[in-house]
């Protein structure tokens, strides 16, 4: 059973060259959609261009955890991106450092989370997809339990745990470092139960990443794992210097 829906994600798309490369990579994997961070200056105008390529366009962001910052992000999506044709939005509440400007691991932020989601969803058409992504097993008790999961998950149509099994370590710069068990099966086994426990029965789609540093065999194994779970939609993080062989491996899923 092949994946019938594929979304390629990107962090920075602020130049014509970046958008061109992203478009080529999305076409190369037979993507049915893209997910572009809202900080990308080209996003509003790019929505129509990707629609012309036959792809849905989602946006995503790790928003600030202050009321002013979070609602600025929500208002941008509601007032600017949805009117431009945006098809979906994925909120990415996380917490790297306690007290940081984007630290969502605070139970006191439940009301803000609900207001954030409501602002976006009230402006969206019925066909709009809303989702939540975050670290592999963050909803678990020993991880980031105070992120307002209930509020984000209640608003969500789909949940996307970041079940990455390799990454480029942002501290050391080591590329391809194994994380979350070091392979797709281990990462999915770590992440999905934590999300399912708080997931309110919502659809859970484990993400693949970081796709520039994984192997072709691992991409195939990710596809097998998705097939085993009966899932037909895959999300791939993130665009960049992705090898031709990795693009071909994702296309083959």
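A few notes on this one:
- Residue that is surrounded by fewer than 21 Cβ atoms within 10 Å (Cβ to Cβ) and under 21 Å from residue 3 (Cβ atoms), where the choices are 175, 186, 208, 249: 186
- Hits in segment 92-113 - residues which are surrounded by fewer than 18 Cβ atoms within 10 Å (Cβ to Cβ) and within 11 Å of residue 63 (Cα to Cα): 101
- Selected residue (criterion: surrounded by the fewest Cβ atoms within 10 Å (Cβ to Cβ)) from residues of segment 223-240 that are within 26 Å of residue 40 (Cβ to Cβ) and modelled with pLDDT of 95 or more: 233
- Test: residue in segment 114-132 that is buried (at least 22 other Cβ atoms within 10 Å of the Cβ) and either at pLDDT below 95 or in a strand (DSSP E or B) (or both): yes
- Any hit, segment 72-86, residues being touching a strand residue (DSSP E or B) at 6+ places or on another chain (Cβ under 8 Å), within 18 Å of residue 149 (Cα to Cα) and in contact (Cβ under 8 Å) with a residue 24 or more places away in the chain: no
- Qualifying residue in segment 5-24 (condition: in contact (Cβ under 8 Å) with a residue 60 or more places away in the chain, surrounded by 23 or more Cβ atoms within 10 Å (Cβ to Cβ) and assigned to a helix (DSSP H, G or I)): yes
- The residues listed here are 189, 220; of these, the one that is out of contact with any helix residue (DSSP H, G or I) (no Cβ under 7 Å at 6 or more places or on another chain) and at pLDDT 95 or above is 189.
- Here residue 170 meets the list (1) loosely packed, with under 14 Cβ neighbours inside 10 Å; (2) at pLDDT 95 or above; (3) closer than 29 Å to residue 15 by Cβ almost entirely, failing just condition (2).
- For segment 56-71, the set of residues classified as outside any strand (DSSP E or B), surrounded by fewer than 21 Cβ atoms within 10 Å (Cβ to Cβ) and touching a strand residue (DSSP E or B) at 6+ places or on another chain (Cβ under 9 Å) consists of 62 only.
The values are calculated or read from the model by the stated rules, or taken from the named source; none is laboratory data. Predicted model, so just to flag it, every value in this text is computed and none were measured. Backbone-built Cβ (ideal geometry, glycine too); neighbour counts: all protein chains shown.
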